[in-house]
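Working notes for the structure below.
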DNA sequence: AGCTTCCGTGAATGCTCATTCGCCTTGACC
DNA sequence: GGTCAAGGCGAATGAGCATTCACGGAAGCT
């Protein structure tokens, strides 16, 4: 018979994750100590371990949130049946991010700057953490296939060059996203509209040969 | 009167940096201990400190190498007077990377996978290390201006949409690079040719309106 | 050769940190 | 209200780490 309800317990867990995100986005994964997280969450160091087995578990969970938030935005494009183009995909990921981080469900949070900063650090972890990398690779493949599908539809509609290999094209589209995130988080370049407009223009919606100066 | 010549001293310094790159690319900045670096360099832990004041200095120097190697490739595009396009810039960064890391000059090394992996981790450091961020931001601005200039020339030649804002377009081109590096280093996707081909196609060299299915 | 100066060594130092443990508190259930 | 298992606490633990230091030895110079 637990002293606190399951809901309260879950809320506490989520609160600890939120505190960890704040610490990680401010100081980095490895410069944040457990007492830091506990203090930020308003708990003692010991209480933390009633909710998570180790610090690494929190890092992995937050890395998962960061990747998941991005993936969720991409996956949502075109789900309502509207005709989705490449620029729509880019716009979805690159869209507004400010405000507090909101829990959408268990382990599912809205994308924020805070989370994006954790994500950038998680890229570094990807390269030597096998579990994280495998999960991320699987998610990447799903998204890439989805983007490739959008490109194929675009080819049918004539919006996308017919001689583009969709799988390679999807790689290029996916490659735009980390670059934008990095520019925004590291250099403060957050003109998402200008970025999307440039993507739209570059992608040939307005073919250069028909737009002489 | 030094016991070893200046050349030998410099060689040792470079060797330590090489050892640190190997360790960092394998285990990450913060999972690598000083004894690890010393052992990899064939030195004692104490000797390291005759060459560098601290571990952080090595990290910063290697981060600088990683960014500098990329920057060097971008900056080299079009320097020989040949007409450079966007795809040339992407191709330059995305090009071959294997082989041992080669010292090109003081603090100047050729891009390798090893160095690229250090670079990805350095992105995470960027966000909370002011000195590193400021230097990177300055370098980024220079490169972006250079890419924007290539785009302007492309507009004159008719290869690039006239209504593209060159500064925004340059951001987009620059954004492609971290994405490609991450895909290569984290997921092993190293088909650089296919990537460049897709960039070339997407950029509208072959306007979609003239390529109906 | 003799002196001096610097280099390399590796054990010692003095932290910090993740994690654990014994104890007290709290709230649910009877 | 009483009981008791779980929650919370924070000092204690023990490992690991960056950095320092005192010494042995090798090069340069005279």
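Things to note:
- The mean number of Cβ atoms from other chains found within 10 Å of a Cβ in peptide B:162-170 is 5, as a whole number.
- Label zone at residue A:31 (point 7 Å along Cα-to-Cβ), backbone N below 20 Å, region A:105-146: A:113-126
- In terms of surrounding Cβ atoms within a 10 Å radius of their Cβ, B:80, A:167, A:57, B:200 rank from fewest to most as B:80, A:57, A:167, B:200.
- Pseudo-label separations to other copies for residue A:33 - Cα-to-Cβ vector, 7 Å, nm: 1.9
- Shielding of B:190-198 by partner chains, average beta-carbon count, 10 Å: 4
- Percentage relative contact order, chain B, counting C-alpha pairs under 8 Å, at least six apart: 20
- Shape of region A:1-44, Cα gyration tensor, a/c cut at 1.5: prolate
- Reciprocal of mean inverse Cα separation for the protein assembly as shown (Kirkwood radius, Å): 23.0
- The fewest-to-most ranking of B:49, A:51 by surrounding Cβ atoms within 10 Å reads B:49, A:51.
- Estimated 222 nm signal from helices in chain A, with DSSP H stretches of n ≥ 4 weighted -39500 (n - 2.57), rounded to 500: -21500 deg cm²/dmol
- Inter-chain shielding of B:116-128 (mean C-beta neighbours from other protein chains, 10 Å cut-off): 6
- Crossing angle, helix B:166-187 versus chain B [Cα axis fit, 0-90 degrees, rounded to tens]: 50
- Stokes-Einstein D for region B:54-210, Kirkwood Rh over Cα pairs, 10 °C, 1.306 mPa s (µm²/s): 96
- Mean silhouette area of region B:19-89, derived from the convex hull of its C-alpha atoms and averaged over all directions, reads 6.3 nm².
- Each residue in A:22, A:50, B:3, A:39 was given a count of other beta-carbon atoms within 10 angstrom of its own, and listing them fewest first yields B:3, A:50, A:39, A:22.
- Distant alpha-carbon pairs in region A:1-142 (separation over 19 angstrom), percent: 55
- C-alpha center-to-center spacing [region B:158-195, region B:2-53] in angstrom: 35
All of the numbers you see were taken from the coordinates with simple rules; none came from a lab. Just so it is clear, the structure is predicted and the values come from calculations on it, not from any experiment. Please note: Cβ atoms are built from the backbone with ideal geometry, for glycine as well, and neighbour counts cover all protein chains shown.
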